[in-house]
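For reference, the structure discussed in these notes is given below.
The values are calculated or read from the model by the stated rules, or taken from the named source; none is laboratory data. Bear in mind that the values here come from a model prediction, so they are computed numbers and not experimental data. Positions of Cβ are generated from backbone atoms using ideal geometry, with glycine treated the same way; all protein chains shown enter the neighbour counts. Just so you know, the surface numbers come from the protein's heavy atoms only, side chains and all, with ligands and any DNA or RNA stripped out. Shrake-Rupley method; radii C 1.70, N 1.55, O 1.52, S 1.80 Å.
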Amino acid sequence: MSDTDTAAEWVRMPANAGQGTICTAAQYEEHYARSLSDPDGFWAEQAGRLDWVQAPTAIADWSFDPVAIKWFEDGVLNICHNAVDRHVDAGRGDTVALIFEPDDPAGEVRRITYGQLKAEVVRMANALKKLGVAKGDRVTIYMPMVPEGAFAMLACARIGAIHSVIFGGFSPEAIAGRVEDCRSDWIVTADEGLRGGKRIPLKANVDAALGKVPAKGVLVLKHTGGEVAMRDGRDHWYHEFSQDVSGDCPCEPMKAEDPLFILYTSGSTGKPKGVLHTTGGYAVWTETTFRYVFDYRPGEIYWCTADIGWVTGHSYIVYGPLLNGATALMFEGVPNHPDHDRFWAVCEKHKVNIFYTAPTAIRALMREGDGHVTKHDLSSLRLLGSVGEPINPEAWRWYSDTVGKGAVPVIDTWWQTETGGVMITTLPGAHDMKPGSAGKPFFGICPQLVDNEGGVLEGATSGNLCITRSWPGQARTVYGDHERFVQTYFSTYKGKYFTGDGCRRDADEYYWITGRVDDVINVSGHRMGTAEVESALVLHPKVSEAAVVGYPHDIKGQGIYCYVTLMEGEEPSDDLAAELRQWVRKEIGPIATPDHLHFTPALPKTRSGKIMRRILRKIAENDFGALGDTSTLADPSVVESLIEGRQNR
Ligand code: 6R9
């Protein structure tokens with residue numbers, strides 16, 4: 001612990017966190033230094049924990065200008081073999097791989113051993129093959145949070161198909177757009193999902209999507225038993241279709257740089273991007289980060305509350321834990337059903353040791369009072385983690401004190417869909433913590449802060465967060481559009497990966513992520529492009545123009561604030577506001593529901609017609625004193641009427 005002006009912020013690593021840990025502070029320094037001075041040696045060693053059909057001899061081979069990223073290029077492996085078969089082969093077939101906790105607390109818990117997982121993945125893989133799926137094909141997975149979602153991902157990996165998982169909360173329009181973008185002929189879904197007692201019409205949504213784009217085959221898991229339509233020749237019940245498949249399915253040998261999955265994520269412009277991850281680097285990155293960041297010890301129960309539809313679910317429910325032979329809990333439900341103690345009830349029921357969730361959930365549960373937490377025995381908890389958005393110190397302290405009883409480390413892990421796994425975090429046992437700070441770079445990560453002109457900022461300062469060297473888990477491209485990948489991430493600051501986040505580095509070289517500096521908003525830890533919501537709004541026949549910004553929201557972190565101008569002759573009304581909210585839900589999905597609709601006769605524009613978002617953000621934040629220079633506006637009076645509109649709400 002250093003004696004700096006930030007000393008008051010320190011929270012000491014609890015004494016027991018160090019017991020049995022795989023990384024001390026000194027080892028962190030040693031590994032980190034070596035990961036930069038000898039990256040090839042360091043990463044070859046990490047890769048050595050995996051089984052390779054052909055061990056890589058070429059390790060790092062990358063450039064950020066021009067952009068070409070390769071890791072372990074001549075290596076051959078299969079990630080499903082490493083996540084599943086490898087553990088069975090080593091005699092750990094009876095270890096539980098997945099524990100399933102259903103939405104209904106009285107429902108049936110499933111415990112799936114590595115042996116059973118292998119059998120299930122083989123069955124799913126052979127069903128996909130029977131459907132016609134071949135190596136390199138894209139398979140869309142639109143599933144509830146049930147083990148079959150993980151089986152489907154691993155089955156794709158096993159046969160060399162590329163999975164594209166779509167979060168179960170997305171609308172038919174969003175599904176259609178993603179299916180079309182990666183030309184996915186095959187879809188794995190379920191009759192319905194179940195969340196907080198509510199049924200989600202997954203198959204019906206797929207049917208609606210397939211009214212817009214074609215697909216060759218749909219596998220349907222019977223989950224709730226709800227009524228669904230099945231189209232002859234295209235749709236197949238999984239339980240029937242997979243009945244006669246072989247119990248054997250070899251793992252396809254994959255080149256390290258063969259694609260593993262596509263995951264769509266929002267950016268500041270245009271449609272969501274299909275971020276592409278490849279096999280070898282992603283496997284090494286998720287295996288290594290899970291191992292060090294969560295300090296997993298055999299026999300422990302690990303629970304990440306994310307959904308497999310997001311990258312956190314990919315890397316830290318499925319691949320990271322399973323590559324480490326861990327026991328991971330999969331939860332179908334929501335934190336507040338049947339009551340606000342559900343998370344803690346599940347922790348007690350399954351004696352969870354490592355718990356990983358998002359600040360939005362922590363804030364929502366904090367508001368409900370400590371009683372929901374204290375009535376449960378949480379003595380099994382050994383490590384608490386946070387991910388998805390900046391965690392405010394108040395929520396951090398509640399998480400640490402009330403949930404962790406001040407006795408366990410809290411790690412705040414900063415990373416992104418594009419980074420594949422954790423990039424900045426404190427390591428349990430190694431680093432003292434500072435509430436609100438993510439901490440230190442993981443092995444191999446070189447963060448750099450730059451000013452808006454790209455000038456490098458040294459020392460304790462704030463700036464735009466870039467990463468100057470490649471790491472194994474880095475996304476390789478945007479599916480089908482490499483130029484967009486280059487433009488989005490490597491053109492703002494040439495030769496560097498730009499994260500889109502703002503960040504402060506303090507005198508102890510701890511990093512504090514301050515949030516997005518682009519037109520992406522973070523709603524309950526979910527990324528949403530303001531441009532996406534705007535496009536959805538202007539599709540409505542009564543809407544002329546829309547501008548969307550984020551604004552502070554107590555629970556969600558950021559809320560969605562929409563400025564809307566209407567077509568000539570249309571009048572604003574509460575009914576129309578409700579209709580537009582519903583419209584956006586239908587176009588994108590419930591996570592994009594506007595929190596605030598502000599009808600305005602005009603938007604503030606420059607003389608060249610550019611919307612001045614800076615002003616719109618300030619007004620949404622109720623911060624009217626700091627509007628800055630409005631002299632370039634074509635019609636400065638617009639601002640007055642916007643402020644008036646804001647105050648009248
Ligand atoms: C893993 C994930 C990425 C964006 C990222 C940043 C924000 C994630 C954070 C965090 C502060 C943390 N973010 N973790 N901000 N502290 N610990 O969330 O991926 O959905 O792609 O979002 O989320 O703004 O740029 P993704």
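Taken one residue at a time, the phi angles of the range 442-448 give Karplus couplings (6.51, -1.76, 1.60, θ = phi - 60°) of 6, 3, x, 9, 10, x, 9 Hz. Gly and Pro are set to x. Label positions at MET230 and ALA55, each projected 7 Å from the Cα along the C-beta direction, are separated by 5.0 nm. Each label point was placed 7 Å from the Cα along the Cα-to-Cβ direction; for ASP38 and ASN622 their separation is 5.8 nm. Residues in the range 595-649 average 55 Å² of solvent-accessible surface per residue, probe 1.4 Å, ligands and nucleic acids excluded. Here the range 563-619 exposes an accessible surface that is 50 percent carbon and sulfur, computed with a 1.4 Å probe and the other protein chains kept in place.
Of all aspartates and glutamates in the structure, the ones whose alpha carbon falls short of 17 Å from that of LYS129, not counting any fewer than 8 places away in one chain, are GLU120, ASP137, GLU148, ASP185, ASP235, GLU240, ASP244, ASP248, GLU252. Each helix, a run of at least 4 DSSP H residues, gives -39500 (n - 2.57); summed and divided by the residues of the chain, these come to -7500 deg cm²/dmol at 222 nm. Only aspartates and glutamates eight or more places from LYS405 in sequence, or on another chain, were considered; those with a Cα closer than 19 Å are GLU9, ASP341, GLU348, GLU368, ASP370, ASP377, GLU394, ASP432.
The residues neighbouring ILE301, those whose beta-carbon lies less than 13 Å from its own, together hold a net charge of +2 under the Lys/Arg +1, Asp/Glu -1 convention. The length gained on full extension between GLU579 and ASP595, counted as 0.36 nm times the residue separation minus their Cα-Cα distance, comes to 4.5 nm.
A simple count of charges around THR417, restricted to other residues whose Cβ falls under 12 Å of its Cβ and scoring Lys, Arg +1 and Asp, Glu -1, yields +1. In this simple spin-label model, placing a label point 7 Å from the Cα along the Cα-to-Cβ direction at both HIS239 and ASP635 gives a separation of 6.2 nm. Potential lengthening of the chain between GLU571 and LEU539 amounts to 9.8 nm, from the contour at 0.36 nm per residue minus the alpha-carbon distance.
The chymotrypsin sites (Phe, Trp or Tyr not before Pro) found in the range 366-409 include none that occupy coil by DSSP while having at most 10 further C-beta atoms within 10 Å.
Which entries in LYS216/LYS542; LYS203/LYS255; LYS135/LYS273; LYS273/LYS586; LYS440/LYS496 show an alpha-carbon gap greater than 27 Å? If you can, show how the numbers build up before the last one.
Details: LYS216/LYS542 37 Å; LYS203/LYS255 34 Å; LYS135/LYS273 22 Å; LYS273/LYS586 20 Å; LYS440/LYS496 19 Å.
Over 27 Å Cα-Cα: LYS216/LYS542; LYS203/LYS255.
Peptide packing for 202-210, 108-116 was compared via the average number of neighbouring C-beta atoms within 10 Å per residue; ordered from the highest value, the list is 202-210, 108-116.
Put simply, the amide H of VAL139, placed in the peptide plane, has neighbours under 5 Å in ILE162, HIS163, SER164, leaving out anything fewer than 5 places away on its chain. For the range 460-523, trypsin sites (Lys or Arg not before Pro) meeting the loop criterion (DSSP other than H, G, I, E, B) and having at most 15 other Cβ atoms within 10 Å: LYS494.
Percent relative contact order of the chain, based on C-alpha pairs within less than 8 angstrom and at least six residues apart?
14
For ALA60, the residues whose amide H sits under 5 Å from its own are PHE72, ignoring neighbours fewer than 5 places away on the same chain, with H placed 1.01 Å from N.
Work out, step by step, the length gained on full extension between ILE555 and ALA26: first 0.36 nm times the residue separation, then minus their alpha carbon distance; give nm to one decimal.
Net length gain for the segment: 186.6 nm.
Annotation: amide H of ARG516 within the under-5 Å range of GLY502, sequence separation 5 or more or interchain, hydrogens built in the peptide plane. Note on the chain: with charges restricted to the Cβ of Lys and Arg (+1) and Asp and Glu (-1), its dipole about the Cα centre is near 640 debye.
Taking R0 as 25 Å, what's the FRET efficiency between ARG504 and ASP401 from their Cβ-Cβ distance, rounded to 0.05? Calculated transfer efficiency: 0.55.
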